[in-house]
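Okay, so here's the structure we're looking at.
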Amino acid sequence: MSRLLLSLSTFALIASLGLASATGTPAGTKITNQAIGTANPVNPGQPPISVLSNLVSATVSPVCSVVVQPDGTVAAPGQSATLLPAENTTFTYQVLNTGNTENTYTLSSLTDAVSAFTPSSLKVYLDANNNGVLDSAEAATPISSVKLAADAKATVFLVVTTNDASRGDAFVNLVASCADGSVADSNNISRVQVGQPPVISVLKTFSPTLIKPGDTTTVTVVAKNSGQGASRALMLTDALDTLAAQGLTFVKGSATARTEGTASGVTVVAPEYSGDLSTFSATEPVAVKSVRAGVASLEPAQSLILTFKMVAGATAENKTFTNTAVATGNNINVPGSANLDVHYTPAVAIGPIGNAEVPEGTPADSQSVPFGVVGQPVCLDHTLKNTGDVTDNFKLSLSYSKGQATAAYFNLDGTPFVQPVTLQPGQSVPVRVCYTPQGGSTELQALLTTTGDRGETNATTDIVTSIEGGLPVLTKTTTTTGTVKIGDTVTYSLSIKNPYTHALTAALAQDTLSTAHIFVSASNGGSYDSATRTVTWNLGTLQPGETRTVTLVTTVSAQAVDGQNLVNTFTLTTAEVPQQIISNEVKTPIWSATLIITKTVNTQQATFGDRLTYTLMIRNTSPTTALTGSVITDTLPTGLMYIAGTSTLAGAALADPTVNGQVLTWSGLTIPASGQIKVTYAVRVTPDAVGTMVNVVVVSGNGNNATAISSNTATATVKATPLNFAPLGDIVGYVYLDRNHDGTYDFGKDKDIPMARARVILAGGRVALTDNDGRYHFSDVPFGTQALRLDPASVPYLPEDRVYEGGLSGTQTVYVRGLTSVDFPLAPVSGDVQVLRRTTLTMGDFSVQKTVYVNGQQYTVQLILTTPTDLNEFELTDPLPQGAALQGDRASLNGTLKAGETTQMYRFTWDGEQRAAVTDPSASWRY
């Protein structure tokens, strides 16, 4: 008997069906199955008996199934992330199609209700390139579904973003479901933990905040976490490129960094440097353009501190630098700024000497003197100091609130104080200001201000409490009169008067003697310094109104020179009148030698008409000094008359002396030292000569500074012998304008007027011209009756004999016997005549002398033309004053002017001012 083993076949079928479902047999797959029954034979050794069932067929239906991994619950989240507020995180999920056909699954992100906060954003992205990283291209397109083939899978990213308010745990879930919602995988919870955020602040400082070029400042940048949570990685960066461009540069090797503020203490952080603002390294480049320091995390209450130094160059002066450092990290970008001023701080102080820095405007910042004198310097000393931090140039200026003065600046040694003065920081210099008060004020108050080139100023006040005018009165006299000689005593008296209402202190009188003086004695304690030849009196204090007199006794030394003046003055200075006052000058002429004159005459006897020649020998016995400006005064006795043009000096012509009556005076002569001069002159014996005629002469001169050195008196004697007649005689006389009509020539100013160059004609044709004094002379005239005539064309007025007596014009007959005098007085018809002007025009050898006479409103003009050669095409122009009326015809002077002398005259009337009546002639001709 056999047994059917059906159970084995049934098991095999069930196993076959279960395998097809687990591997995701595609939908629509047809499955067939047939059972086989096997029985063992009854008899051993016989083969099994197999029996086949009927054939059964089945078709696989589509099944939607999905699995999301990893799984997770609130109690056991599949993924976890810890964030800070406003951060995001990405959870990675695998979505698997566990169905048997291609399906599109809906993807949704959810926040579980038990969450402490709701994320601000939940977005799903597909890992399209299967690299396991959310790339930027992938992040541009969020997805809400994914299509997968059977058994296929996809990686998706769930990006969770928190906001600033997010705190605590949030549970997020990625749910994948079939399109009809029949199947969903929703147990995929991940946890997002958001802790307390960090609060990052950045504080930047410069220390110091004000520097000058060349100085260094320390830069400190502090990034501090004042929040309750730690930060992510934090970088503190300070860009320095803009600062360097303006002259503020990084100091090499000065950067350090550290963290501090937590229980772990201080931790050193290595700074990094950049030379291009993009690449950083631990090695400093040549020019540091940026410096930074970073930490992986900044704990609560912890600070990251970066310090370094910067130095200001010259180009940084007068600039304000603003620099910003930045702390950066995840969602952190916090700036911190600070300002740095780079400029000098100039300052200056001036005050009383040694007290430059006393507060300006305080009583200690002023100084005063009680008394000053108009025109005398009053000096006050000050200290000028540079109290700033930069070398500067300083100038001084003055303004006056009371009174006026001129001022000068000096160093303490009296040399000029040169401005501007350059001072280094902290350097000082003394300044002496000397005020010279001007009149019109009784007090002086000055503000002395110093100003630097950079604009800083400071002032101090100077006061002169009382100002008076005038000067001390210095009077010097001597008892010596006239000249002195070597060995004579000369005594001086020195008088000093204080004219002020204030005392004069430290009065010092000094008298410096010349080498011609020998000091003998001085009163009132005067002391003599032989090296300086100075006598000094320390007079102390002169009370108001006091007069002090001292004396000085000297003798004339052997070094005195004839003609020298013994000159002496004395001086005074006081504390209040420091400028030396000089007394009047006392001069005492020195002359030890003698001046000797001798006088001789060529004959001891003379008669009327004789010519006498006198010789003067004048000798100067001084061996050192010539006599200059010497004056010879020779007094002629009655009966002698000087002959013009006869004076000689050492044989050469000498100008005629000044004749005043019988006194002849020669001036301006020089008599050399140890020398002599010889002067000769001639006189004519007139009929007035009687008996013995004594001629007296003296000489005086200037011996250098010694004036009026007089000679002895010399005489020469001639006896008049009128019985010794010569066979020939002389006719002399004057042609003059007789202003008082007395017929006698009156000499002197405002007396009769001599007529120069008048022509007197002697019978026989001899002609004489009068000189400038109106004198003429005919010599060697035979005794007897002689006729003389005055040429009326050579004089501007008619002779008196014609005017008053109706006689012939200027004809006189005389009997010549020895020296005969015949005068020709002229007179106008009426009134008084004056010489208004004499002038001479000279052009080469040609000259024209013009004389204008005035008689009331009647003017007479005399022109005397002189030329040594003929002048062709000659023309003389002598204009009349405007408004004048010509009387008669004016003689023509056109054509040829003959050689010699030509006289022309004309008259006009004029009622204007006399000075305007005179014009100047002009002449022209062709050579």
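If you rank L669, L897 by fewest surrounding Cβ atoms within 10 Å, what's the result? Present the calculation step by step, with values, prior to reporting the outcome.
Working: L669 18, L897 22.
Exposure proxy ranking, most exposed first: L669, L897.
Express as a percent, rounded to the nearest 5, the fraction of DSSP beta bridges in region 66-194 (both residues included) that run antiparallel. Each step should come with its number before you reach the end.
Working: 37 of 43 bridges.
Looking only at bridges with both residues in region 66-194, the antiparallel portion is about 85 percent.
With the dipole of region 728-826 worked out from charges on the C-beta (+1 for Lys and Arg, -1 for Asp and Glu) around the Cα centre, which of Y776, V822, P799 lies farthest toward the positive end?
Positive-end residue among those listed: Y776.
Region 852-907 to region 112-160: how many Å between their Cα centroids?
Centre-to-centre (Cα) distance: 142 Å.
Which percent, nearest 5, of DSSP beta bridges in the chain are antiparallel?
95
With unit charges on the beta carbon (Lys/Arg positive, Asp/Glu negative), name the residue among V698, G675, G645 whose Cα is farthest towards the positive pole of the charge dipole of region 595-720.
In region 595-720, that residue is G675.
Find which of T324, V286, S274 sits farthest along the positive direction of the dipole of region 200-342, computed with +1 on the beta-carbon of Lys and Arg, -1 on that of Asp and Glu, about the Cα centre.
Farthest along the dipole direction, towards plus: T324.
Starting at the first residue of region 426-434, write each ³J(HN,Hα) from the Karplus equation 6.51 cos²θ - 1.76 cosθ + 1.60 with θ = phi - 60°, in whole Hz, x for Gly and Pro.
Calculated HN-Hα couplings, in order: x, 7, 10, 8, x, 9, 9, 10, 10 Hz.
Work the Kirkwood hydrodynamic radius out for region 595-720: mean of 1/r over every pair of different alpha-carbon atoms, inverted, in Å.
Working: mean 1/r = 0.0679 Å⁻¹.
Result for region 595-720, one decimal place: 14.7 Å.
With contacts defined as alpha carbon pairs under 8 Å and 6 or more residues apart, what's the relative contact order of region 496-649 in percent?
Values: 246 pairs, mean separation 32.4, N = 154.
Relative contact order here is 21 percent.
So how tilted is helix 6-22 from the main axis of the chain? Cα-based, degrees 0 to 90, rounded to 10.
10
With charges set only on the Cβ (+1 for Lys and Arg, -1 for Asp and Glu), what does the dipole of the chain come to about its Cα centre, in debye to the nearest 20? Present the calculation step by step, with values, prior to reporting the outcome.
On the way: 52 positive and 70 negative charges, 209 e Å.
For the chain, the charge dipole is close to 1000 debye.
Taking the convex hull of the Cα atoms, report for region 200-342 its projected area averaged over all directions, in nm².
Working: hull surface 32.1 nm².
Dividing the Cα hull surface by four gives the mean projection, 8.0 nm².
With a 10 Å Cβ neighbour count serving as the proxy for reagent exposure, in which order, fewest first, do V374, V781, V286 appear? Provide the component values of the computation, followed by the final result.
On the way: V374 17, V781 22, V286 6.
So the ranking, lowest neighbour count to highest, is V286, V374, V781.
Given Cβ point charges of +1 (Lys, Arg) and -1 (Asp, Glu) and nothing else, what value in debye, to the nearest 20, does the dipole of region 79-166 about its Cα centre take?
On the way: 3 positive and 8 negative charges, 28 e Å.
That gives region 79-166 a dipole magnitude of about 140 debye.
Fewest to most neighbouring Cβ within 10 Å: what's the order for F117, F874, F824?
Details: F117 17, F874 20, F824 26.
Going from sparsest to densest Cβ surroundings: F117, F874, F824.
Could you check the spin-label model distance between S121 and N712? Points 7 Å from the Cα along Cα→Cβ, value in nm.
It works out to 14.5 nm between the two label points.
In straight Cα distance, which lysines are under 20 Å from K289, not counting same-chain residues fewer than 8 positions off?
K204, K252, K309, K319
Sort region 348-466 into rounded, prolate or oblate with this rule: let a ≥ b ≥ c be the square roots of the eigenvalues of the Cα gyration tensor; rounded if a/c is under 1.5, and if a/c is not under 1.5, prolate when a/b is larger than b/c, oblate otherwise.
On the way: a/c = 2.10, a/b = 1.72, b/c = 1.22.
It is prolate, given that a/c is not under 1.5 and a/b is the larger ratio.
Suppose every Lys and Arg Cβ carries +1 and every Asp and Glu Cβ carries -1, with no other charges. What dipole size does region 797-927 come out with about its Cα centre, to the nearest 20 debye? Don't jump to the answer; show the numbers that get you there.
On the way: 10 positive and 15 negative charges, 24 e Å.
In total the dipole reaches around 120 debye.
A673's amide H: which non-local residues (gap 5+, or another chain) put their own amide H closer than 5 Å, with H modeled 1.01 Å from N in plane and none for Pro or chain starts?
It is A626, L627, by chain and number.
Each value in this text was obtained by applying a stated rule to the coordinates, not by laboratory testing. Note that the structure is a prediction, hence the values are computed from the model and not measured. All Cβ positions, even for glycine, are placed from backbone atoms using ideal geometry, and neighbour counts span all protein chains on display.
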